[in-house]
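Worksheet: the structure to be examined is printed underneath.
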Amino acid sequence: MKKNLIMCVVLLSLAAGTCRAAGSPAGKFYAEGDRKKAEFALTYDDGPGYITEDLLKLLEKHGVKASFFMVGTYVRQYPDRVKKVAGAGHLVCNHTDTHMFWPKTGKAPDHEAILKRELERAEAAIEKASGVRTTVLRMPNGYDKPWVRQVAGRLGYAIVNWTYGSDWTRLSEEKMTAEYLKAVKPGAIILMHDGGGKVKEKNLRITEAILQEAKKKGLKPVRLDDLLGLRAAAAAK
């Protein structure tokens, strides 16, 4: 009787563990949030950079939170900026260590080992600078392959791309701003960059315009882990 009871407990524990694993966001890919909720996400890549601190002031003025995908190289260069991003309550995410061109790097025989090293080095730099353990990944240029999801999953990362972004294109600022405003919708994931030089100052003005547009549309900017339910999933583990 005792042996049967122990066996039942073991089986139930295994079943519960399987359920938790099945519900884990690790290794999953997301490109938008729930279109039925009046929420969207502002995300910034390639930082920390020239406009990061001004961007933090702008976001604080509006009382909103965003998500920052950071490159390990720049994290080590500007650790204080990383600490400020995390300290302000924004979501700090992994954007790899050196921002390689993965359509080429992905063809290397040891591509999985390279990606693992890139993620771990960036993660270590971010954690050292801010005390934050990253769990959300965006690959450079939005690169996505089944093997990338597998590596990310083994390291505990969810992968998130975007619904709209164009700040790296040759669009005029006026046209670019108009396109960003059209993209502000429920479930949208907006991509801009805080990494880079003075040329990215336009993103401060575009962000301001987006926040004004969101207010008109009754949409709330939230962190990606809230938009996608990742924070709730982590808490349920």
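In segment 51-64, the residues that are free of Cβ contacts under 8 Å to residues at least 40 places away in the same chain reach residues that are in a helix (DSSP H, G or I) and surrounded by fewer than 21 Cβ atoms within 10 Å (Cβ to Cβ) with C-beta atoms within less than 8 angstrom, at least six apart or across chains, in these pairs: GLU53/LYS84; LEU56/LYS84. Out of THR105, THR43, one residue alone is within 26 Å of GLY153 (Cα to Cα), at pLDDT 95 or above, among the hydroxyl-bearing types (Ser, Thr, Tyr) and buried (at least 20 other Cβ atoms within 10 Å of the Cβ). It is THR43. Report yes if some residue within segment 182-199 is touching a residue at least 24 places away in the same chain (Cβ under 8 Å), loosely packed, with under 14 Cβ neighbours inside 10 Å and closer than 24 Å to GLY63 by Cβ; otherwise report no. No, every residue in segment 182-199 fails to be touching a residue at least 24 places away in the same chain (Cβ under 8 Å), loosely packed, with under 14 Cβ neighbours inside 10 Å and closer than 24 Å to GLY63 by Cβ.
Restricting segment 30-59 to residues that are assigned to a helix (DSSP H, G or I) and under 19 Å from the mean Cα position of the chain (by Cα) leaves a set whose member that is nearest to GLY196 (Cα to Cα) is THR52.
Sort out which residues of segment 218-233 are loosely packed, with under 14 Cβ neighbours inside 10 Å and of a type outside the set (A, V, I, L, M, F, W, C), and write them in order of number. If you could, list the steps in order and put the result at the bottom.
To start, the set of residues in segment 218-233 that are loosely packed, with under 14 Cβ neighbours inside 10 Å comprises 218, 232.
Answer for segment 218-233, where residues must be loosely packed, with under 14 Cβ neighbours inside 10 Å and of a type outside the set (A, V, I, L, M, F, W, C): just GLY218.
Inclusion of TRP147 among residues that are outside any strand (DSSP E or B), aromatic (Phe, Trp, Tyr) and more than 23 Å from ILE51 (Cβ to Cβ) is warranted. Please enumerate the residues belonging to segment 215-237 that are modelled with pLDDT of 95 or more and out of contact with any helix residue (DSSP H, G or I) (no Cβ under 9 Å at 6 or more places or on another chain). Hits for segment 215-237 are LYS216, LYS217, GLY218, VAL222, LEU227, LEU228, GLY229. Residue check: is ILE159 out of contact with any Asp or Glu (no Cβ under 9 Å at 6 or more places or on another chain) and either buried (at least 18 other Cβ atoms within 10 Å of the Cβ) or not basic (Lys, Arg) (or both)? Judged against the criteria, ILE159 is not a match.
Give segment 95-106 a look and list any residue that's assigned to a loop (DSSP other than H, G, I, E, B) and closer than 13 Å to VAL148 by Cβ, or say none.
Initial filter on segment 95-106 (assigned to a loop (DSSP other than H, G, I, E, B)): 95-101, 106.
Result: THR96, MET100, GLY106.
In segment 219-237, the residues that are within 12 Å of PRO186 (Cα to Cα) reach residues that are at pLDDT 95 or above and surrounded by fewer than 17 Cβ atoms within 10 Å (Cβ to Cβ) with C-beta atoms within less than 7 angstrom, at least six apart or across chains, in these pairs: LEU219/ALA38; LYS220/ALA38.
Pairs are defined by a Cβ separation below 6 Å, a sequence spacing of at least 6 or placement on different chains, a first member in segment 123-142 that is in a helix (DSSP H, G or I), and a second member that is charged (D, E, K, R) and surrounded by fewer than 23 Cβ atoms within 10 Å (Cβ to Cβ); the pairs so defined are ALA125/ARG76; GLU127/ARG133; ALA129/LYS83; SER130/LYS83.
The values are calculated or read from the model by the stated rules, or taken from the named source; none is laboratory data. In this text the structure is predicted, and so the values were computed from the model without any measurement. For neighbour counting, all protein chains shown are included, and Cβ atoms are generated from backbone atoms with ideal geometry for every residue, glycine included.
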